[in-house]
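Here is the structure we will look at.
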Amino acid sequence: MAVVWLLLSLFLLGSAEAGKLLVIPSDGSHWLGMKPIVEELGRRGNQVVVVIPEASLSMGPSQNTTTLTYPVNYTKDELEADLADQLNTILSIDMSTDLAKFQVFIISLDILQSFIVRNAEGLLFNRDLMKKLQD
């Protein structure tokens, strides 16, 4: 209940002082739901920096925010092809047993882990971007 009151007071009362917000979304995250909120925070005077990979399926520049990109070791076409291949693998599995459902779960985790690691390497080993964020 306290969380509801906090959220209501933040959105209804506004803030007297603008803040800084760093957002690092990834494909498959809650970015599509967060984007309007992040843009509204930027519109209200907060300094919002969104950091996204250069190759992305659903992310791009936003209004009222500063968008920074970082290089990754795959292209958007490779990302789409890899996800389509994995989806075909998942759809070819007969889901009638619990073992098959577990196998699909493991494949999904493998896909997610692969992209998280590749994105993290592209982001964290980018000295120029890290310096820019530090400043």
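The values are calculated or read from the model by the stated rules, or taken from the named source; none is laboratory data. This one's a predicted model, so the numbers in the text were calculated from it and none came from an experiment. We place every Cβ from the backbone using ideal geometry, glycine too, and count neighbours over all the protein chains shown. These area figures cover heavy atoms from the full protein model, side chains too; ligands, DNA and RNA do not enter into them. Shrake-Rupley method; radii C 1.70, N 1.55, O 1.52, S 1.80 Å.
Can you tell me how many residues in the range 88-99 are at pLDDT below 90, surrounded by fewer than 13 Cβ atoms within 10 Å (Cβ to Cβ) and among the hydrophobic types (A, V, I, L, M, F, W, C)?
2
Give me a count of the residues in the range 86-109 that are in a helix (DSSP H, G or I), without any contact (Cβ under 8 Å) to a residue 12 or more places away in the chain and not aromatic (Phe, Trp, Tyr). Spell out how you get there, then give the answer.
First, pick out the residues of the range 86-109 that are in a helix (DSSP H, G or I): 86-91, 98-109.
Next cut, without any contact (Cβ under 8 Å) to a residue 12 or more places away in the chain only: 87-88, 91, 98-103, 105-106, 109.
Adding the requirement that they be not aromatic (Phe, Trp, Tyr) leaves 87-88, 91, 98-101, 103, 106, 109.
Matching residues across the range 86-109 total 10.
Please go through the range 74-107 and pick out each residue that is under 17 Å from the mean Cα position of the chain (by Cα) and polar (S, T, N, Q). So that I can check it myself, show each step before the final result.
Our first condition is that a residue be under 17 Å from the mean Cα position of the chain (by Cα); within the range 74-107, this holds for 74-76, 79-80, 83.
Result: Thr75, single match.
Sort out which residues of the range 114-135 are assigned to a helix (DSSP H, G or I), modelled with pLDDT of 85 or more and of a type outside the set (D, E, K, R), and write them in order of number.
The first filter runs over the range 114-135 and keeps only residues assigned to a helix (DSSP H, G or I), leaving 114-124, 127-134.
Adding the requirement that they be modelled with pLDDT of 85 or more leaves 117-124, 127-134.
Correct list: Val117, Asn119, Ala120, Gly122, Leu123, Leu124, Leu129, Met130, Leu133, Gln134.
Out of all the residues in the range 41-74, which are of a type outside the set (A, V, I, L, M, F, W, C), open to solvent by 30 Å² or more (accessible area, probe 1.4 Å) and either under 19 Å from Leu112 (Cβ atoms) or free of Cβ contacts under 8 Å to residues at least 12 places away in the same chain (or both)? Break it down into steps so the answer makes sense when it comes.
Our first condition is that a residue be of a type outside the set (A, V, I, L, M, F, W, C); within the range 41-74, this holds for 42-47, 53-54, 56, 58, 60-67, 69-71, 73-74.
Then keep just the ones that are open to solvent by 30 Å² or more (accessible area, probe 1.4 Å); that gives 43-47, 54, 58, 61, 63-64, 66-67, 69, 71, 73.
Once the filter is applied, which keeps residues that are of a type outside the set (A, V, I, L, M, F, W, C), open to solvent by 30 Å² or more (accessible area, probe 1.4 Å) and either under 19 Å from Leu112 (Cβ atoms) or free of Cβ contacts under 8 Å to residues at least 12 places away in the same chain (or both), the range 41-74 yields Ser58, Pro61, Asn73.
Checking Asn119 against (1) of a type in the set (S, T, N, Q); (2) in contact (Cβ under 8 Å) with a residue 40 or more places away in the chain; (3) exposed (fewer than 11 other Cβ atoms within 10 Å of the Cβ), only one condition comes out false. Which one?
Unmet for Asn119, out of (1) of a type in the set (S, T, N, Q); (2) in contact (Cβ under 8 Å) with a residue 40 or more places away in the chain; (3) exposed (fewer than 11 other Cβ atoms within 10 Å of the Cβ): (3).
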